[in-house]
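Engineer: If you scroll down you'll find the structure; I have some questions about it.
The values are calculated or read from the model by the stated rules, or taken from the named source; none is laboratory data. Because the structure is a prediction, the values reported are computed rather than measured. We place every Cβ from the backbone using ideal geometry, glycine too, and count neighbours over all the protein chains shown. Quick note on the areas: whole protein, heavy atoms, side chains included, nothing else; ligands and nucleic acids left out. Shrake-Rupley method; radii C 1.70, N 1.55, O 1.52, S 1.80 Å.
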Amino acid sequence: MKKREFLRMAGLMGVAGLFGSSRLRAADLEPIEAVTLRTGDFELPKLNFAFDALEPHIDKMTMEIHHGKHHAAYVKNLNDAIKSTPFATMELEEILAKVTDKYPAIRNNGGGHYNHSLFWTVLSPKGGGEPTGALAEAIKFNFGSFDKMKEKFNNEAKSRFGSGWAWLYVDKKKQLAIMSSPNQDNPLMSKLSKQRGTPILGLDVWEHAYYLKYQNRRPDYISAFWNVINWEEVSRRYLKGLEK
Ligand code: MN
């Protein structure tokens, strides 16, 4: 939303009305589909918030480097790697579903592009708290409680050795499950990952995601993450994951 339009709407609705509307907040997001449905020439998606908006939980410089250097490099390297391969005409999710260990550059950079595109959308300066609705019910059903899910997710994120991701995902039986993956793998990689499904919440536990602010204290970064989770977006992905 442009600043002028924001002010116009804020005037019409009142600022409280604007921020209170989940519909408007969801519309502000650039859905991951916008970047995954392109073929051949992937692009770095824009963030829906300023680089410093997640302070103090995730710092400005980390966000600038993470998005502008790391993610940008995955996009460039993916575009280079798929040229003159059968992957050049595929959407990103199809690339991930079909990639094998014979194509390490496509595996790593395709995963890197997808994972970071998802990551930015499940973060929000207005995030935190707990989900509501169908996702909240599913968490209770599959894990017993929100806190038990959180504990399991945190344990996966803490114990992933070296670089990787922790995931909350919808498995093949349409149940919620938790896993972690090495490097840039994710549960969409059906030829590479033992646990398969649709990721709905991901946490990057590579050192580049937290080292400037947290150094070796990965558990502190993991705790801070829960203050900026955009549950509206995770819920949207949950409902889409059920349809697949
Ligand atoms: Mn990263």
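Engineer: Looking at the range 146-175, which of the residues that are among the hydrophobic types (A, V, I, L, M, F, W, C) and more than 18 Å from LYS194 (Cα to Cα) is farthest from the chain's Cα centre (by Cα)?
Structural biologist: Out of the qualifying residues, it is PHE146.
Engineer: Quick check on my filter: what residues within the range 180-190 are within 16 Å of the ligand (Cβ to nearest atom) and over 19 Å from ILE65 (Cβ atoms)?
Structural biologist: The answer is SER180, SER181, PRO182, ASP185, ASN186.
Engineer: May I ask you to list the residues in the range 191-222 that are away from the ligand (no atom under 15 Å from the Cβ) and either farther than 18 Å from HIS57 by Cβ or open to solvent by 70 Å² or more (accessible area, probe 1.4 Å) (or both)?
Structural biologist: Hits for the range 191-222 are LYS191, LEU192, SER193, LYS194, GLN195, ARG196, GLY197, THR198, ILE200, ASN216, ARG217, ASP220.
Engineer: Search the range 164-176 for residues being touching a helix residue (DSSP H, G or I) at 6+ places or on another chain (Cβ under 7 Å) and open to solvent by 40 Å² or more (accessible area, probe 1.4 Å), and hand back the single one that is nearest to VAL205 (Cα to Cα).
Structural biologist: Among those residues, the one meeting the criterion is GLN175.
Engineer: Now, a different point. Consider the range 55-64. How many of its residues are within 14 Å of the ligand (Cβ to nearest atom) and buried (at least 16 other Cβ atoms within 10 Å of the Cβ)?
Structural biologist: Residues flagged as within 14 Å of the ligand (Cβ to nearest atom) and buried (at least 16 other Cβ atoms within 10 Å of the Cβ) within the range 55-64 amount to 3.
Engineer: What pairs come out if I take residues in the range 48-64 that are among the basic types (Lys, Arg) and pair them with residues that are modelled with pLDDT of 95 or more whose C-beta lies under 7 Å away, six or more apart or interchain?
Structural biologist: LYS60/PHE51; LYS60/ASP52
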